[in-house]
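Notes to accompany the following structure.
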Amino acid sequence: MRFLADENFPGPVVRDLRAQGHDVVWVLDAMRGSADRDVLHAAQVQRRVLLTCDKGFGELAFGTALPAECGVILFRLGGPDPVQDNAHMLRVLVGRDDWTGNFAVVTDRGVRLRSLRRGPKMGPPSHD
């Protein structure tokens, strides 16, 4: 899968995704300090699914006509242990392949998917 990891996305998860063969560009390396609009535009142009912990991308994503090959995954984890949160992120990301064309919110309790072009679409709950 092709991902664009936002600046705030954990480096260990980026490294693990790459080690598992995913094509991951990290904003911290490629576009450090870029505005959210520019990051989302890069996801569009490069046909990547954006990985972020920044809830500001929700409004941007729905206000932009993203191509079907794009998507946004917003992580809202509340765990006290970043290592456990990182492991949870990795499990969720590699455990699904329906990220494109959707805005997803990943929490400690599950995954919610909503189509960027149509009405709400709920994915199966995650029990991680």
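Every number in this text was worked out from the coordinates using simple rules, so none of it is lab data. Values in this document were obtained by computation on a predicted structure and should not be read as measured data. Glycine gets a Cβ as well: all are built from the backbone with ideal geometry, and neighbour counts include every protein chain shown.
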In nm, the gap between the two label points placed 7 Å beyond Cα toward Cβ at Ala87 and Ala68 is 3.8
The relative contact order of the chain, taking Cα pairs under 8 Å that sit 6 or more residues apart, comes to a percentage of 21
Once amide hydrogens are built 1.01 Å from N within the peptide plane, the residues lying 5 or more places from Gly101 or on another chain with amide H under 5 Å from its amide H are Cys70, Gly71
Per-residue ellipticity at 222 nm attributable to helices in the chain (runs of n ≥ 4 DSSP H, -39500 (n - 2.57) apiece, nearest 500 deg cm²/dmol) works out to -9500 deg cm²/dmol
Everything considered on the Cα gyration tensor (a ≥ b ≥ c; rounded for a/c under 1.5, else prolate if a/b is larger than b/c, else oblate), the stretch 2-115 must be described as rounded
Cβ-Cβ cut-off under 11 Å around Leu60, Lys and Arg +1, Asp and Glu -1: the net charge is -2
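Report the gain in length on full extension from Ala30 to Val94: 0.36 nm times residue separation, minus Cα-Cα distance, nm rounded to one decimal.
Values: separation 64, 0.36 × 64 = 23.04 nm, distance 2.30 nm.
That pair, Ala30 and Val94, stretches by 20.7 nm at full extension.
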Percent antiparallel among DSSP beta bridges confined to the chain, nearest 5, equals 30
